[in-house]
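These notes concern the structure reproduced below.
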Protein chains: 4
Amino acid sequence: MSITTPISQENIIVGEVANGLPLTIPVYRLKGDGSGPSVYIQANMHGAEVQGNAVIFQLLEQLKQLNLKGDITLVPYANPIGCNQKSGEFTLGRFDPITGTNWNRMYHYNSDLVTQFAKDHSQYDDAALKNNFKQALIDEIDTKLNGPAYLLNTGKRIALNLQKLAHQADIVLDLHTGPISSKHLYCPTYATESASYFNIEHVLLIPSDFDGAMDEASFCPWWHLSDALGAQDRDFNVQVEAFTVELGSQEKIDLTEALNDANSILSYLNHKNVLVDARHKPSNITRYACHLDDYFAYYAPIGGMVEYVAPLGGHIKAGEPIAHVLRMERYLSEQPLQTLSLDCDAIAILHFASASVNQGTELYKFFTNVFEL
Amino acid sequence: MSITTPISQENIIVGEVANGLPLTIPVYRLKGDGSGPSVYIQANMHGAEVQGNAVIFQLLEQLKQLNLKGDITLVPYANPIGCNQKSGEFTLGRFDPITGTNWNRMYHYNSDLVTQFAKDHSQYDDAALKNNFKQALIDEIDTKLNGPAYLLNTGKRIALNLQKLAHQADIVLDLHTGPISSKHLYCPTYATESASYFNIEHVLLIPSDFDGAMDEASFCPWWHLSDALGAQDRDFNVQVEAFTVELGSQEKIDLTEALNDANSILSYLNHKNVLVDARHKPSNITRYACHLDDYFAYYAPIGGMVEYVAPLGGHIKAGEPIAHVLRMERYLSEQPLQTLSLDCDAIAILHFASASVNQGTELYKFFTNVFEL
Amino acid sequence: MSITTPISQENIIVGEVANGLPLTIPVYRLKGDGSGPSVYIQANMHGAEVQGNAVIFQLLEQLKQLNLKGDITLVPYANPIGCNQKSGEFTLGRFDPITGTNWNRMYHYNSDLVTQFAKDHSQYDDAALKNNFKQALIDEIDTKLNGPAYLLNTGKRIALNLQKLAHQADIVLDLHTGPISSKHLYCPTYATESASYFNIEHVLLIPSDFDGAMDEASFCPWWHLSDALGAQDRDFNVQVEAFTVELGSQEKIDLTEALNDANSILSYLNHKNVLVDARHKPSNITRYACHLDDYFAYYAPIGGMVEYVAPLGGHIKAGEPIAHVLRMERYLSEQPLQTLSLDCDAIAILHFASASVNQGTELYKFFTNVFEL
Amino acid sequence: MSITTPISQENIIVGEVANGLPLTIPVYRLKGDGSGPSVYIQANMHGAEVQGNAVIFQLLEQLKQLNLKGDITLVPYANPIGCNQKSGEFTLGRFDPITGTNWNRMYHYNSDLVTQFAKDHSQYDDAALKNNFKQALIDEIDTKLNGPAYLLNTGKRIALNLQKLAHQADIVLDLHTGPISSKHLYCPTYATESASYFNIEHVLLIPSDFDGAMDEASFCPWWHLSDALGAQDRDFNVQVEAFTVELGSQEKIDLTEALNDANSILSYLNHKNVLVDARHKPSNITRYACHLDDYFAYYAPIGGMVEYVAPLGGHIKAGEPIAHVLRMERYLSEQPLQTLSLDCDAIAILHFASASVNQGTELYKFFTNVFEL
């Protein structure tokens, strides 16, 4: 089989640890013919969320056999500290083990830059606006990376290095997983139509607020630029789409499922005109959506040992059991087995990864006020 | 339905933490008529291994409806520190988080006591031997617990408190789980015949050596006493049976499976004449055994992201794939997907709980040189 | 010696852990004659920051010999999870080990309540305003605590229970420590004058923004109420003072130093008219202040092994060495010992607790643009 | 200043982590003229015990200006996993975070090899015995390192790589620290005389048992060979000396103290005839010794907040206070401040690194039955 698109690799250094070993991240690049949008896909920013690496593997296996219109950059193992932080058998890679800061809340966004840019560049045509703004975002990151090293903490340095790559793209996909989870997609509301090209049943519609994550860092500047120009009566579409793709459960590699998810992503990329002569189409499934405000975290109302009984992706009726909580310390004096339920209909999206929970541990997250896309 | 056997509860204090809160363990007791052997069952010594609590729940639900010949003591939540040690979502409860010492390697055994006892009591009849030796074991523990508090570390104090309860019984079951695991039973070789009364397909036959675990701490003194008296040409059977029952995977509560396992235990207890008029019988399954020396730990020969493909409990042929290791950092320069296999036939008993492994992480444990019981 | 003021104790339950043990916090109360402001003091919200417990001990030892004008509530061991979370020898109690969330960023503040209150109550006199607003804040917390348990996560439930106590007081002190640290005080700018009554050389002046901490949760509502009423041309002083008192280094108990700090706090309370006939006066020391924006975090520009050489509390000149970084992996190929310095004059307030640092680890925090109070 | 002895560097690979990054260790070598014994010194096998790296730095700074009789190999950062395992601010590097196994208990020793060697080689002369046995030890390690990768766990692979280097030397120093600790030396009893050449006041005399540590792995084979040959009436001195040097407290770099310790080591090496024309002599200090059986671990008899008052290295009389334990949860109902003491005279060698302790936490270690060397 002839390989159509060559792949190149670069290893970027994003830090160094106490004994001086460098923290490196592999970056794979495929060149398009320049006629389509460029793409950035990363995986494994949270250490335990490994399945995205397998999806990137399956993407590479297919992409090398295709011709591309847009450039594609793929970054597995995006967090070399989180990847390797073990605590017992599990990968304690959701937050910096020193500070507790979520690795996916350290990206950079400067709203002043957007405001000023909108003021200074309103007379530019669309193409120039896009190019100049993209460059401004990259320059902002470069200024930080090239500034005094003592101003950057560990996670910020990793995040900025990744963000610099992401800002070069028109499409950004950040591959994550939940703890024990069904597949779902974080989608900015302006890009709702695109959600239908992924083979993902559950779509979470998020607003334009910036809370530090990669997807937000990628689309917020463009969304806010569009708003700011709109306030000047200039119509300028949001030029970048960015999604967080939640692939299922953490701590698992499933190569077959990874192929399905690679196909899902290729379907979306095909829709966005990134691929030449590709036949990837979305599956004919019903897609359920809810707004972020309706994404409901259910905390354990009591401590205990939990049997999770709500099927992930399942449509739960108000009052149906979602979990049993076993409490063996008071077997004689109270009901040792308690049943939990919801007050409203919902879809169970994910649950906690352990049966052993404190009062107040996040047990489940649910879609509520669900509608079909 | 009338409850036949009343249950009593006592909470024992096994320590206190830094802010002075006591560490307590619930102890449930059911009285028999004294005509059968007494039983001690504990669960959750390792924090993540919670399913034994559910099995104790299902045992209590049934036992309270039965009449008993022997007393039964049941101890869920045996390790109040391990139960509550979270690191990320997972329960880091296999070892003391301060020292790294495995909580199930801190029980006490004094071989000198056995030797001396055998010397001093050889003229006693069997019943007196048994009673006196049991008391001697309990006294030894009491001496330690009542000695200066500054001589006992945290885990030893917990272990001694549990061991004091266990030494009062003729039958000891310590309920554990593996990481991701099929059910299996640690069985001392002298008690091989009893293994057939549990509904557990995989039996690991272990020698009389003491390595600090509860099962060993329970049977080693009796086994060694039997040996020591045998050396004096006195025939004295091992009077205590003790097993570690591995119930499946950690971090999970499954009440249905817990009922199955409760029935498995009741089948064994019925065989041992603990129950009155019970009809619990073992299932008609093939039981596979191997000796501890043939219990084979397979370490990751390379670091990477692992797809586990050997079915747990499955009979693997030499050369068959047991895992794929994805290595995305050298996709272009080496084979990014490597397949692991074994040199010999084996049964896959358990595997590591995370897909993300260092070179040298224990990937799997296998039964080799398997035989049918 | 006669004890003048009786002390009462209540244990409040703020949660329960997986094996059902309750999380309790001791609350000590001393009654005043009602003629002075009431006081709330808590310690050890971060698990490793234990010295505040010793300060509360020394306060109790003295307060029971004094007569009081205002009520005083003292809460040691404020965080029963953080207190007991060990990882190796150290107390990993700065953030929830499951989520990474800083335990001192989970307090509650509802700015809408303030806005609405200012609108509805502008015609009230000062005393009624104060009483009603205090009650409104307490009611807000009660509503959350009495609402559905599944809406509260673990840390929020602890925080709300503490905040309910704090809202009842006119003066709130939250006792913390740094990692390796000199003493310093977080002081809201409106209360700058009060800072001079603590025997603490370094004062950090903070704005009225709410970022989730206890001090902010205590003063922000009152500060914002004062602002909102000011906008209606109603002059209403901020009625509550709240400080975070940083007592020095974590993981240490020093009873002598605790007595000094108790005297420092009594000096402030005496100034605020809480004590009857007390002679506690502030020490005659120079107090240095800086604004929060000038509180400078210096991150390790390289990974390595750090010898900290800036004396804590010391006035550092630009260019003076603050640390040496040893890098033994490239002894032959680069300078193995590198010296770090600052670009500006500063006071070293605290440094990291370990010599072993990654690139980007927070090495030091410095006061810059320092002025005398 | 002319550099007399050139230094060469090699980086050895001892494993790889989940994202494929290699674990490397720097190895520095200086050549002697072959007329003296060869030396192996390593540091930082436990992640938090960093001061040995600074001692190796100070050794290199001096050694490069000396001529050597024996070869010297120096290995800082001996444990690339332990070095970089952070949990909060501290370096959780005493045990494998996955398994809890102490990194310094994984070295290899095969007593059968010694027994067989003694049988087979008794007719050899001393020099041949030494050379052949050294080679046999190295071959044994090589066989393991070159065997199937799936037989080696992560820590064993690191340990074997280091042990291979150590077995090539006649003198082995493993540089460690305690938690909060005075300097002390683990010394095999046969080498007691050598202890007087280190500037270390406290000497712990240990027997020839193997418990998995580097010092034992280095001297046990030779000690046991000497014994086995002695049983054949062949007089063959132990040919290797190995010490664990405890440099003080963990998590600290002190370059001045490191120079003192480098001089202490050079004094010993000079005594052993490793250096040419060196003037390093031991200090004139009193050295106190005790036997390992008299090295007394004192566990916290109650949980609480500890003020450590026994001066490290101080001679404590029976009954003198060693610690105060503050217990703030029962201030009214029991004595909130309790004083701990010993039943016998002792020297305080080290104490726990945190004030916050559970009942049963190791508070102190003491030399008892002390004698002067």
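The values are calculated or read from the model by the stated rules, or taken from the named source; none is laboratory data. Everything numeric in this text was worked out from a predicted model, so none of it was measured. Using ideal geometry, Cβ is built from the backbone for each residue, glycine included, and neighbour counts are taken over all protein chains shown.
Annotations for the structure displayed:
- Test result for residue B:190, within 19 Å of residue B:49 (Cβ to Cβ), of a type in the set (Phe, Trp, Tyr) and surrounded by fewer than 22 Cβ atoms within 10 Å (Cβ to Cβ): no
- Which numbered condition residue A:369 misses (of (1) touching a helix residue (DSSP H, G or I) at 6+ places or on another chain (Cβ under 6 Å); (2) closer than 30 Å to residue B:56 by Cβ): (2)
- Filtered by the rule that a residue be within 14 Å of chain D (Cβ to nearest Cβ) and free of Cβ contacts under 8 Å to residues at least 40 places away in the same chain, segment B:1-60 gives B:13, B:16, B:18, B:19, B:20, B:21, B:22.
Yes/no per residue for (1) small (Gly, Ala, Ser); (2) over 28 Å from residue B:260 (Cβ atoms):
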| site | (1), (2) |
| --- | --- |
| B:90 | no, no |
| B:111 | yes, yes |
| B:139 | no, yes |
| B:157 | no, yes |
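- Of all the numbered requirements in (1) modelled with pLDDT under 95; (2) under 18 Å from the mean Cα position of the chain (by Cα), residue C:279 misses one, and that requirement is (2).
- Tally, over segment C:77-87, of residues that are farther than 18 Å from residue C:25 by Cα and away from chain A (no Cβ under 11 Å): 1
- Exactly one residue out of C:312, C:292, C:332, C:342 is among the aliphatic types (A, V, I, L, M) and over 28 Å from the mean Cα position of the chain (by Cα): that is C:332.
- In a residue-by-residue description of segment D:155-171, the property of being modelled with pLDDT of 95 or more, assigned to a strand (DSSP E or B) and closer than 30 Å to residue D:308 by Cβ applies to no position.
- Selection within segment B:216-241 - closer than 23 Å to residue B:41 by Cα and in a loop (DSSP other than H, G, I, E, B): B:237, B:238, B:239, B:240
- Restricting attention to segment A:173-199, the residues being part of a loop (DSSP other than H, G, I, E, B) and either within 10 Å of the chain's Cα centre (by Cα) or assigned by TED's automatic domain parsing to the domain that holds residue A:314 (or both) number 0.
- Residue in segment D:348-368 that is at negative phi and modelled with pLDDT under 95 present: no
Listed here are the residues, each with its yes/no results for (1) assigned to a helix (DSSP H, G or I); (2) among the β-branched types (Val, Ile, Thr); (3) surrounded by 14 or more Cβ atoms within 10 Å (Cβ to Cβ).
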residue: D:118; (1), (2), (3): yes, no, yes
residue: D:124; (1), (2), (3): no, no, yes
residue: D:129; (1), (2), (3): yes, no, yes
residue: D:133; (1), (2), (3): yes, no, yes
residue: D:140; (1), (2), (3): yes, no, yes
residue: D:143; (1), (2), (3): yes, yes, no
residue: D:150; (1), (2), (3): yes, no, yes
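- Residues in segment B:242-273 that are assigned to a loop (DSSP other than H, G, I, E, B) and within 15 Å of the chain's Cα centre (by Cα): B:250 only.
- If you go through segment A:268-305 and keep only what is of a type outside the set (D, E, K, R), surrounded by fewer than 17 Cβ atoms within 10 Å (Cβ to Cβ) and free of Cβ contacts under 8 Å to residues at least 24 places away in the same chain, you end up with just A:284.
- Test result for residue B:112, among the acidic types (Asp, Glu) and touching a residue at least 40 places away in the same chain (Cβ under 8 Å): no
- Any hit, segment B:141-161, residues being free of Cβ contacts under 8 Å to residues at least 40 places away in the same chain and in contact with a Pro (Cβ under 6 Å, 6 or more places away or on another chain): yes
- Within segment D:217-242, the set of residues being touching a Leu at 6+ places or on another chain (Cβ under 7 Å) and more than 23 Å from residue D:156 (Cβ to Cβ) comprises D:236 only.
- Strands (runs of 3 or more DSSP E) fully within segment B:274-373 that include at least 1 residues being among the basic types (Lys, Arg) and either touching a Ser or Thr at 6+ places or on another chain (Cβ under 8 Å) or more than 10 Å from chain D (Cβ to nearest Cβ) (or both): B:362-367.
- Filtered residues of segment D:97-120 (kept if within 14 Å of chain B (Cβ to nearest Cβ) and either over 23 Å from residue A:16 (Cβ atoms) or in contact with a Phe, Trp or Tyr (Cβ under 6 Å, 6 or more places away or on another chain) (or both)): D:98, D:99, D:100, D:101, D:102, D:104, D:105, D:106
- Criterion applied to D:311, D:336 was being modelled with pLDDT of 95 or more, farther than 17 Å from residue D:180 by Cβ and touching a strand residue (DSSP E or B) at 6+ places or on another chain (Cβ under 7 Å), and the one residue passing it is D:336.
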